[in-house]
1. Please state the relative contact order of the chain as a whole percent: Cα pairs under 8 Å, 6+ residues apart?
2. In the chain, what cysteines have no partner Cβ closer than 4.7 Å?
3. What fraction of the DSSP beta bridges in the chain is antiparallel, stated in percent and rounded to the nearest 5?
4. Calculate the dipole size of the range 86-166 relative to its Cα centre from +1 charges on Lys and Arg beta carbons and -1 charges on Asp and Glu beta carbons; express the result in debye to the nearest 20.
5. With everything on Cα atoms, drop me the angle between helix 2-23 and the longest principal axis of the chain, reported from 0 to 90° to the nearest 10.
6. Ranked from highest to lowest mean number of other Cβ atoms within 10 Å per residue, what is the order of the peptides 247-257, 311-321, 470-480?
7. Heavy atoms only, probe 1.4 Å: what % of the accessible area of the range 271-407 goes to carbon and sulfur, would you let me know?
8. Any idea what the relative contact order of the range 154-286 is, in percent, if you count C-alpha pairs under 8 Å spaced at least 6 apart?
Amino acid sequence: MASLRGTFFIFPILLATVHSQLLSPHPSFGGSNGNDGKLHLPGITIGNPFAGDVKVNDPGGNPPLETDFKGLWELVSTDSGANAMHINLLPNNKVIMFDATAFHMSTIKLPNGECFPYKTDQGVEKQDCWCHAVEFDIVTAQIRPLKVEWDPWCSSGGLAADGTLVSTGGWLRGSRTVRFMRPCNDDCDWKEFQTALADSRWYATQATLSDGSFILVGGRRSYSYEFVPKPKGNTNPIAIKFPFLDETTDMDENNLYPFVHLSTDGNVFIFANNRSVLLDPKTNKIIREFPVLGGGSRNYPSSGMSALLPIKLYVQNAAVIQAEVIVCGGAKREAYGLSQKGTFIPALQDCNRLQITKPNALWKKEPMPTPRCMGDMLILPTGDLLILNGAKLGTAAWYSADDPNLTPVLYSPDKPRNQRFKELNPTTIPRMYHSASTVLPDGKVLVGGSNPNAGYNFTAKYPTEMRIEKFSPPYLDLSLAISRPEIVVESSEAALAYGQKFSVQFKLVRLFVSKSDVKVAMYAPPFTTHGYSMNQRLLFLGKIDVQQALLPNFHSIELVAPPTSAVAPPGYYLLFVVFRGVPSKGMWVQIK
Ligand SMILES: *[C@@H]1O[C@H](CO)[C@@H](O)[C@H](O)[C@H]1NC(C)=O
Ligand SMILES: *[C@@H]1O[C@H](CO)[C@@H](O)[C@H](O)[C@H]1NC(C)=O
């Protein structure tokens, strides 16, 4: 396969070299098989006469191509094996999905008659032979059963710098566990360290820090934080007390699964219930408290959504790189208590933005088209947010919600206020408590799970949902296919260093592509559970220039990698070239 592709690309290089010798006033460049072992397409810089008045370092640019396409749902699997309560895409293009083990059942057994022992609440010794975690192939939809023993029910996770999924906490005997699942070719499984953490982390949040380590914040009755112990297998003696979590809990504990975002300066933004602070994880000091966000509670069980908006980078960045957080939906603080008495009140219907790098910043509120709790909020390669899943009435937890919100909403953060929301085509499958979703390298969104029942129940009003869907956002409109760039992986750089120039080659049926036509995004694939995508991060890179190869439809963009590991923690990212709102397929790059 590799040699075939090689042949294909040598041909255009030779051709382009000949052309460049004929046409260029500087006939010295041409295709090279450079000393980095990669093929490089030749290019010349051609000013774009149609570019207009564009700021030199503007990572935005010409407006997206218009489409009326409202998206498409497809069913890709009827049985995920285990309920997709937690989801993370790995750099080998496999998605790890897992459930609680607490129910001691699923729809598939562990292979080779394998079982593991557990004790019931009454102390009776039993065997669990069911599979509670799977590796899902995003191309074939095949699942490979995995064995997870220490209960990861309502746990947390994130990808380490080497692409290993690090999962932390869970329930009871799994509440102090750290688990590792590396990307592999069908020959690896979870490695678990049952008692690695100092405090129980049930409904805690895991966030990647600038040095690639993980902070674990909160969990039920754990008003503390700690860091995933290093090296692997070590145990934390103590956690660090964090009174902010004690202060923000209430009668329904509306501050679980706090929203934690690494800011561009290495500090950590933590949002719990309706308050938020900026924590310096090195000195353990709270640097700033932000204004209270009114309207209700945003964290579990009220379960709103939050994301860090796309970070915009330039060739030369300002001293402070702006970071802005968005918080949407959730429920009134009394909603969970009422749902336990059978009264489901409407979820919140607002989005709120806060510039966390700006002193004295204030929340800016705007209405969503529909109310939503337990939704997911994913950042698409274009920088738009996709809001999906969840319910319009009630809260998270078993049997606590109704009126599933089937209609995804696209949110375009850079459009003028009141033009930012767009409702898309609805699904037919309710995805409420214990559902999840993730962005795939081809720009589709994988959606799975939902189980508001205490166990697997296929006859309940909202049954345990084993079906997996893919959603194609509007940019996958067939009429835009002609405008979809294709990254030439073989001649693009996959190993990035902070602040260094690098280039990406892409094919696009256009004679000229100007710098203001293209954006290049780097996306860190998140760990999604309970309506929150931990470690989700999208950066638009600083662009130096676009060069047009003389062979038609080949282009090369020269970029600057993110300046620091606070802006982009070390690890794997999907890199997308976006031409006027139409993204390429993502290419995996690694920065360190
Ligand atoms: C913030 O949440 C707490 C706890 O639920 C509540 O007592 C307080 O009134 C809320 N503040 C605002 C401004 O909504
Ligand atoms: C499934 O849910 C239905 C409706 O709530 C209930 O009647 C039934 O007992 C449940 N089945 C199991 C196996 O729990």
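1. 16 percent
2. 131, 154, 373
3. Numbers: 135 of 139 bridges.
Counting only bridges with both partners in the chain, antiparallel ones make up about 95 percent.
4. Charge dipole of the range 86-166: 140 debye, to the nearest 20.
5. 40 degrees
6. 247-257, 470-480, 311-321
7. It is 55 percent, rounded to a whole number.
8. Dividing the mean separation by the residue count of the range 154-286 yields 16 percent.
The values are calculated or read from the model by the stated rules, or taken from the named source; none is laboratory data. This is a predicted model, so every value here is computed, not measured. Heads up, the Cβs are rebuilt from the backbone with ideal geometry, glycines too, and the neighbour counts pull from every protein chain shown. Just the protein is used for accessible areas: all its heavy atoms, side chains included, with ligands, DNA and RNA removed. Shrake-Rupley method; radii C 1.70, N 1.55, O 1.52, S 1.80 Å.
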